[in-house]
Structure formats: C-alpha cells, structure tokens
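To start, the structure itself, in structure tokens.
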Amino acid sequence: MNIDNNDILIRLRYALDLKNTEMVDIFKHGGIELSKDEVLKVLTKSMDHEELEEDTYEEDDHIPCDDEMFESFLNGFITFKRGKREPKPGQAERPELTYEHVNNLLLKKVKIALSLTSEDMIEILGLADVHITKGELGAILRRDGHKNYRICGDRYARNFLKGLAIRYRG
C-alpha cells in the first residue's frame, strides 16, 4: 500500500499531536494560506475509485496535497518548531523547493524541525521494529544527486511516523 502526501500529513499530525490551529500556522509559515476548514480537507484520506462511487464522498470534502504543498508544509514545520531564520545576504526569504522524493524530505525536514540526531532517528525507527544502519540512514538523508543517495521507501517513512507516535505520544 502506497502512502500519499495527505496520509503522511495525517500520520505526522497524529504522531506529534498537532492541533488544527497549529496545522494552519505551519502551512502559513510555509507560505500557504489555508483556513481551518481547508486544513481539515487536506487531513482526509484520498479515496480510490471504488470509494468515489459511494454517495457519501464529495469531491469538495478532500484537498489533495501535492508535492509542492507537502514540501512547503515541512518548511513551515521547521519554522514553527525552531523559529524564523534570518536569511543571509542574497539568500531567498523562503527556502527554494527541492522537489525531492517525499519520503526523503519527510525524514530530513522532521529531523531538522525536531533537532533529532541520526542516533535519535535510528532509535525512532527501532521503536517500530525497523533496524537501519547509520550508513543506510545517511544515504537517505543525502542530497538528491549524491552518488550514495538512496530513495526512502514507504516502509521506512511509515515506520518512522509510527516510531514518532510511540516516542511522542507514548
């Protein structure tokens, strides 16, 4: 089962016990203005074709979270948790979007936002019974294009979110 960006946001919100108003603020920090109602529509699972045929689901009940919105949210999450960074001379006000693989972005940006070390991340994955070496984690956290870069699979992303929930909701 593939997880989409909306599902990742739902799981991240649960794992870190983020309130709806905090979600609105995080999106705002990332440069996306959403009302509380719109955030709730982003925090709904997307329906597959069979479910779409049911009368209870309206297209207006769901806002798909594309990669740009997802990365903007993660950038906003860093600002929300760590505060606004003053740009250096010649540096853009907001970080440029990288359009990197979403699972890699998730691990990298949450690591930054929560000030996690690699050991913390290995421990969080371990809470979900996933064992990863420091080298494997390093490959996931590398910049896209680096010779040792590896795409983070859904299994790691799902279990990282599960481990976060265990650690922060305990």
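Data for the structure
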item	result
Residue match in the range 91-110 (condition: among the basic types (Lys, Arg), at pLDDT below 95 and either over 27 Å from residue 153 (Cα atoms) or assigned to a helix (DSSP H, G or I) (or both))	yes
Residue selected from the range 15-36 under the condition open to solvent by less than 40 Å² (accessible area, probe 1.4 Å) and assigned to a loop (DSSP other than H, G, I, E, B), by the criterion farthest from residue 115 (Cα to Cα)	34
Flag for residue 12 being open to solvent by 40 Å² or more (accessible area, probe 1.4 Å), at negative phi, part of a helix (DSSP H, G or I) and at pLDDT 95 or above	no
Count of residues meeting criterion [open to solvent by less than 30 Å² (accessible area, probe 1.4 Å) and in a loop (DSSP other than H, G, I, E, B)] in the range 61-82	2
Candidate set: the range 129-162, residues that are open to solvent by less than 10 Å² (accessible area, probe 1.4 Å) and not in a helix (DSSP H, G or I); chosen: the one farthest from residue 108 (Cα to Cα)	130
Residue satisfying all of: in the range 37-60; open to solvent by less than 70 Å² (accessible area, probe 1.4 Å) and assigned to a loop (DSSP other than H, G, I, E, B); modelled with the lowest pLDDT among these	57
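The values are calculated or read from the model by the stated rules, or taken from the named source; none is laboratory data. Worth saying up front: this structure is predicted, and the values here are computed from it rather than measured. For the accessible areas, the whole protein counts, side chains as well, though only heavy atoms, and no ligand, DNA or RNA atoms are used. Shrake-Rupley method; radii C 1.70, N 1.55, O 1.52, S 1.80 Å.
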